[in-house]
Amino acid sequence: MQSYKIYPVGFAANSYLVTADGRYAVCIDPAQPRIAQEAERRGLSVTHVLLTHGHFDHTGGAHALQERGAKVGCLKGEEAIVPDAELAAAFGAYAPGAFPRFHIDFTFRDGEVLSLAGLAVRVIATPGHTAGGASFLIGDRLYSGDTLFAGDIGRSDLPTGSGAQLVASVKKLYALEGDYTVCPGHGEDTTLEYERRHNGWVRC
Ligand SMILES: [Zn+2]
């Protein structure tokens with residue numbers, strides 16, 4: 001398994017391309033339209049897009065991948081905030097319509113193991129940043145969206161957010177067996193064990 005991290009240009013989330021065979025890939029949070037080119041440049045065909053949540057800074061490239069045949073999925077319930085053009089406008093992040101709309105092709109639930117592009121993807125519902133937020137376990141990596149960052153946790157003050165739920169979700173991740181490389185929605189990678197011991201907001 002290979003996991004490519006693509007940092008954003010400007011204000012947007014990290015995007016991840018994950019492949020088992022070097023040919024087909026899952027994209028977690030296609031933040032910007034250029035993610036389609038980033039996949040092509042690596043010779044990857046993106047079959048599925050997994051959204052950790054519906055915020056515009058994580059989904060700006062979903063349309064471009066969907067147009068090329070990828071199926072876009074999120075946790076059941078999160079469809080309601082996809083696309084959240086109003087929130088984007090509130091942030092002044094882009095002119096309405098700057099990112100073409102996309103639609104949700106499939107949804108999944110907590111604990112499901114999805115078989116996509118030859119990868120086993122375990123879904124962990126992690127509400128709190130948004131009500132329908134999810135994290136994904138693939139191999140030795142934990143894709144944590146805006147739930148858990150290196151040394152930090154996500155915001156809970158945006159629509160559908162909940163501080164209590166967010167803390168419970170971070171603890172749910174800490175309770176996983178063993179250690180994982182944590183690939184967050186923003187910033188650098190970390191490890192679950194490091195965060196259990198040193199996170200500034202929630203510790204074991
Ligand atoms: Zn977010």
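Brief remarks on what is shown
- Flag for G10 being open to solvent by 30 Å² or more (accessible area, probe 1.4 Å), part of a loop (DSSP other than H, G, I, E, B) and either farther than 25 Å from T130 by Cβ or of a type in the set (K, R) (or both): no
- When the test is whether a residue is of a type in the set (K, R), at negative phi and at pLDDT below 90, R34 does not pass it.
- Screening T59, T147, T52 for residues that are among the hydroxyl-bearing types (S, T, Y) and at pLDDT below 95 leaves exactly one candidate, T59.
- Of note, H198 does not satisfy the criterion of being touching a residue at least 40 places away in the same chain (Cβ under 8 Å) and either touching an Asp or Glu at 6+ places or on another chain (Cβ under 6 Å) or within 16 Å of the ligand (Cβ to nearest atom) (or both).
- Qualifying residue in region 115-123 (condition: surrounded by 20 or more Cβ atoms within 10 Å (Cβ to Cβ) and not aliphatic (A, V, I, L, M)): no
- Residue ID - farthest from the ligand (Cβ to nearest atom), chosen from residues in region 153-167 that are in contact (Cβ under 8 Å) with a residue 12 or more places away in the chain and open to solvent by 60 Å² or more (accessible area, probe 1.4 Å): A164
The values are calculated or read from the model by the stated rules, or taken from the named source; none is laboratory data. Since the model is a prediction, treat every value here as computed from it, not as a measurement. Note: ideal-geometry Cβ built from the backbone for every residue, glycine included; neighbour counts use all protein chains shown. Note: areas computed on protein heavy atoms with side chains; ligands, DNA, RNA excluded. Shrake-Rupley method; radii C 1.70, N 1.55, O 1.52, S 1.80 Å.
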